Amino acid sequence: VAVSGLSKDITLGDFAEYWLRHLKTDVKESTRYSYQSAISNHICRVFESMKISEITSEDVQLFIMSLTDGMDLDDPLSPKTIRNIHGVLHQLLQDAYDMKIIDENPAKHTKLPKKQIVEIVPMNTNQVHAFLSAIIGHPLENFFKLALFTGMRKAELLGLTWDCFHFEEGYIRVYR
């Protein structure tokens, strides 16, 4: 979509394509992928052919409720996923507002599902011993032990490189 084609008649699908291609050039590739995924899998599934200027706050609220209920999906989405999708839609519509394509951001006052608080239940001593016995000889035995004894998350563990390990000083630097 050319810049000259950005008017109140542009569809959300066309604006989303423009938004990703021209306005979100400074984001990391993983962020771009998550934006694209939210847009193609959810936002455009509902709003693609609607004129961006005709999307109302009620439309956005009904969209969020449909994600919560799992309408036209295999399963309902988690509150965190819904918040992420709403964040992309809100940002996209805010940029349309800032460019004076729409008069107000219809995603501005959306009521979102409450965050789920997941209780973390650590392993007890018997479970730790059973786990350590089960991984003996496994190719990832040391990786599993590192996870168990440091409490690092999967992404933190996978981001480790040799420069993170400071054996003589006795610490691991997690920065990726």
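The values are calculated or read from the model by the stated rules, or taken from the named source; none is laboratory data. Just so we're clear, the structure is a prediction, and the values are computed from it rather than from any experiment. Cβ atoms come from the backbone with ideal geometry, glycine included; neighbour counts cover every protein chain shown. Side chains included, ligands, DNA and RNA excluded: accessible areas come from the protein's heavy atoms. Shrake-Rupley method; radii C 1.70, N 1.55, O 1.52, S 1.80 Å.
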- Note on the structure: The one condition residue 56 fails out of (1) open to solvent by 90 Å² or more (accessible area, probe 1.4 Å); (2) among the hydroxyl-bearing types (Ser, Thr, Tyr); (3) closer than 16 Å to residue 94 by Cα is (1)
- Look at region 9-53 and say how many of its residues are among the aliphatic types (A, V, I, L, M), open to solvent by less than 20 Å² (accessible area, probe 1.4 Å) and over 16 Å from the mean Cα position of the chain (by Cα). 4
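Tell me the residue from 39, 43, 55 that is among the β-branched types (Val, Ile, Thr) and either without any contact (Cβ under 8 Å) to a residue 12 or more places away in the chain or more than 15 Å from residue 85 (Cα to Cα) (or both), please.
Numbers: 39 fails: either without any contact (Cβ under 8 Å) to a residue 12 or more places away in the chain or more than 15 Å from residue 85 (Cα to Cα) (or both); 43 fails: either without any contact (Cβ under 8 Å) to a residue 12 or more places away in the chain or more than 15 Å from residue 85 (Cα to Cα) (or both).
After applying the criteria, what remains is 55.
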- Item | Those residues of region 86-143 which are within 26 Å of residue 67 (Cα to Cα) and small (Gly, Ala, Ser), in sequence order | 87, 96, 107
- Any idea how many residues of region 92-131 are polar (S, T, N, Q) and in contact with a helix residue (DSSP H, G or I) (Cβ under 6 Å, 6 or more places away or on another chain)? 3
- Query: Within the set of pairs 6 or more residues apart or between chains, which connect a residue that is touching a residue at least 12 places away in the same chain (Cβ under 8 Å) inside region 129-156 to a residue that is part of a loop (DSSP other than H, G, I, E, B) with Cβ atoms less than 6 Å apart?
  - Reply: 144/135; 156/174
